[in-house]
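The values are calculated or read from the model by the stated rules, or taken from the named source; none is laboratory data. These figures come from a predicted structure and were not determined experimentally. We place every Cβ from the backbone using ideal geometry, glycine too, and count neighbours over all the protein chains shown. Only protein heavy atoms, including side chains, enter the accessible area calculation; ligands, DNA and RNA are left aside. Shrake-Rupley method; radii C 1.70, N 1.55, O 1.52, S 1.80 Å.
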Amino acid sequence: MRLRNAQCISRADITAFPIDDFRSHIVKAVNQGARIAAFFCHDGLLIAVLARDEEGILETISSRANAAYASITPDCPQAHWFEREIYEQSGVKPEGHPNLNPIRSGQSEFFRVDGEEVHEVAVGPVHAGIIEPGHFRFQCHGENVLHLEIALGYQHRGVEAALVGGPDKRAIHLMETLAGDTTIGHATAYAQIIEALSPARLSARAMVVRGIALELERLANHTGDLGALANDVGYLPTGAYCGRVRGDFLNMTALICGSRFGRGLVRPGGAGFDIDASLVDELSDRLDLAFRDLAGAADLLWNSASVMARFENVGTLSLETALKLGIVGPAARACGIERDVRHDFANGVFGFSQIPISTAPSGDAFARAFVRWLEIQRSAAFIREQLEHLPIGSIGSQVHALAPDSFCVSLVEGWRGEICHAALTDSSGRFAQYKIIDPSFHNWFALAMAMRNQQISDFPLCNKSFNLSYCGHDL
Amino acid sequence: MSVPSLVHMAIAMITAPLIFGIINRTKSLFGGREGPPLLQQYFDIAKLLQKGTVYSRTTSWVFRAGPVIGLACVLIALALLPLGPLPALCSFPGDFIVMIGLLAVMRFFTMLAAIDAGSSFEGMGASREATFSALAEPALFLCFAAISQKAASLSLSDMFLRHSGDATHGSAPAPALLAVALFVVFLAENARIPVDDPNTHLELTMIHEVMALDYGGPDLAFIFYASALKLWILGALVVNVVLSGIESAWAVLAGLFFLAIIVGAVESTMARLKLLRVPQLLIGAGALAMLTLIVAMG
């Protein structure tokens, strides 16, 4: 079944294949340029959502799997992480999968390189900085990294399980705290699901307020990332200024809704807070000031030869690897891939006001930093434009009971990349399954690949250039 | 042993931690922040001295000996160095070799202690320190060789001690070249940007800091204090070369503080080098020092 972003269909409409055809269909589609946006198991039913970026179509197929099926991963590396998750969550075994270690419930076995002068470095799960927990296992030859294995799951809270039987009053709060830095992104994806299944019509004004919130979140996080990247190479001025300007952007969100992270701003059916006329002026002024300071700090960064020497040719991810792994967000665009939900699966305000896709060709830490800077400029321009032409009308509309026996996929381009939520409802219109795929889920393995044959001392820089979420992955 | 030489020791021992304060304040100014108090390093040392220590069961006496030996070495090295017109506590022909040797012993025990902690991070730090110091040390030796050639003496006091009315004495050959070479060695040996980043909390990128990760309490205070004195000693060498011919101890002291501002400015305006590039920088410093030696011999 081919469906659009945030379109509600009946569960019966999902195309069902025998398992062999299901497998070959996925492999063939991915070879033709499709991407696995979601792949999960519900009650022994494998469901895959294939994103066809160029057509803006989400193809959903399913197949009944018994205790085991032939793994898709050997022919389609994108399925790697998904199949590990399926085995961990449902026990359905993808036979022939190269590595079926659990991705969340603690990994005890690690790949190991043997040989003289080869040494192993274990980092985490408790880190020196104030960051989330995750375990990194390096196989090194001197300073050179041969292999990196990433073991996550330390933040697993059972969010997906808690959502079954919903939606209830808790649901929106769980969404807002899936990954604290992506509050708006995940809340929007959830709101789109509810609005599609309800169905509820979103007012133009609510769409714009949500769009502004999403781009403010992107501004704040991208700015923080540029500063953190500068700090990681010991370049103080940009590090210090970006840290402050990030706060300015967060405060703009707080000005709208009272929370720096945008809690309470996005609600199913609309927005929780309106932007009135005096707020429009205040936000425009603050945006101009913050952007001016940020432009100065960014110019310093790009014009420092010593910084560029650190950023360039570090942690390079080839276009081929990026396509094979099906990565998303700025990391994918930094490899030259034109992939952006705001463009490919435009929904809400982005259906009316296009933001150009920002790409860079080189795939290294510099490209990932530079794509962020391009997106900062475009997001700022977008917010300015939207503030000038705020549609009139209400910001909220009524949400009804969800359609029973239905299925819906919702995509949002969060600042880290494509956020995918998929919901299945049961016969009484409650969630039978709610699947969440944070962009980090696609991208963690790309970080491991980017570290191959790099200096171990460049890992923090590489890691920061991806800046993936631990709690968004662990759920 | 004379009173002026004791005065010199006292000045160095009292003001050394202040240099860190000046560097950090300079960096804060560049970053648009107010920054920590100038005397922060004194507060830290005082606080740490009052604390207890915890030792890992993996460690042996080597780990505990590291900070003590380090501080002892650097104090003896300080006794060999004159400051402006203030003579060194003791001096003899070849004392500069002893001084480099003492710094090497300090480093050797720091590295041994780091490896003794049994952590892969500290092992990596020790390995980096060994690699880079193997390049920084010859550069320092060549600098001294050039100065001693000009001064026609193998004693630090003859090289640097100021005598009134003797303008040429103690002046270095090709002072600009020598100062640059010494400055690079100074940055490398004291774990400053562009070689190392003293502010980072990322174990994987550290060199010097990572070797002190397992220390706390008085041991860490010793390490902080020893680094301050080491910074003082190598900084005084740079200042002595640049200010050759100036006879006041105050001028040298002011020069040291000015050097701290320069270090802060360097750290604020450039990123740290890629680890692979550090040897090239140090070899460059060695080459400059060699050039100075050739000039001095010519």
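Things to note:
- Selection within the stretch B:57-94: residues that are aliphatic (A, V, I, L, M), open to solvent by 40 Å² or more (accessible area, probe 1.4 Å) and in a helix (DSSP H, G or I). The member of this set that is farthest from B:HIS208 (Cα to Cα) is B:ILE76.
- Sole residue being away from every other protein chain (no Cβ under 14 Å) and either modelled with pLDDT under 90 or open to solvent by 20 Å² or more (accessible area, probe 1.4 Å) (or both), chosen from A:ALA38, A:ALA29, A:ALA67, A:ALA122: A:ALA67
- The stretch A:208-232, subset more than 14 Å from every other protein chain (Cβ to nearest Cβ) and among the small types (Gly, Ala, Ser), residue most open to solvent (accessible area, probe 1.4 Å): A:GLY224
- Selection count where residues are within 14 Å of chain A (Cβ to nearest Cβ), hydrophobic (A, V, I, L, M, F, W, C) and in a helix (DSSP H, G or I), scope the stretch B:175-233: 4
- Matching residues in the stretch B:263-280 - criterion: being surrounded by fewer than 18 Cβ atoms within 10 Å (Cβ to Cβ) and in contact (Cβ under 8 Å) with a residue 12 or more places away in the chain: B:ALA265, B:VAL266, B:THR269, B:PRO279
- B:PRO37 in contact with a strand residue (DSSP E or B) (Cβ under 6 Å, 6 or more places away or on another chain) and farther than 28 Å from B:LEU142 by Cβ: no
- Within the stretch B:252-296, the residues that satisfy the criterion of being assigned to a helix (DSSP H, G or I) and within 11 Å of chain A (Cβ to nearest Cβ) are B:GLY264, B:ALA265, B:VAL266, B:GLU267, B:SER268, B:THR269, B:LEU275, B:LEU276, B:ARG277, B:VAL278.
- Being more than 22 Å from A:ASP274 (Cα to Cα) and either at pLDDT 95 or above or open to solvent by less than 10 Å² (accessible area, probe 1.4 Å) (or both) is a property that A:GLY166 has.
- Selection of the stretch B:76-110 for residues being of a type in the set (A, V, I, L, M, F, W, C) and under 14 Å from B:VAL7 (Cα atoms) yields B:LEU78, B:ALA79, B:LEU80, B:LEU81, B:LEU83, B:LEU86, B:ALA88, B:LEU89, B:CYS90.
- Matching residues in the stretch B:40-52 - criterion: being surrounded by 13 or more Cβ atoms within 10 Å (Cβ to Cβ) and either in a loop (DSSP other than H, G, I, E, B) or not hydrophobic (A, V, I, L, M, F, W, C) (or both): B:GLN40, B:GLN41, B:TYR42, B:ASP44, B:LYS51
- The condition of being more than 14 Å from chain B (Cβ to nearest Cβ), in contact with a Gly (Cβ under 9 Å, 6 or more places away or on another chain) and of a type in the set (Gly, Ala, Ser) holds for only one of A:ALA171, A:ALA151, A:ALA162, that being A:ALA151.
- Of all residues making up the stretch A:125-141, the number that are within 18 Å of A:ALA450 (Cα to Cα) and either open to solvent by 40 Å² or more (accessible area, probe 1.4 Å) or in contact with a Gly (Cβ under 8 Å, 6 or more places away or on another chain) (or both): 5
- B:GLN41, sole failed condition from (1) touching a residue at least 40 places away in the same chain (Cβ under 8 Å); (2) within 30 Å of A:GLY296 (Cα to Cα): (2)
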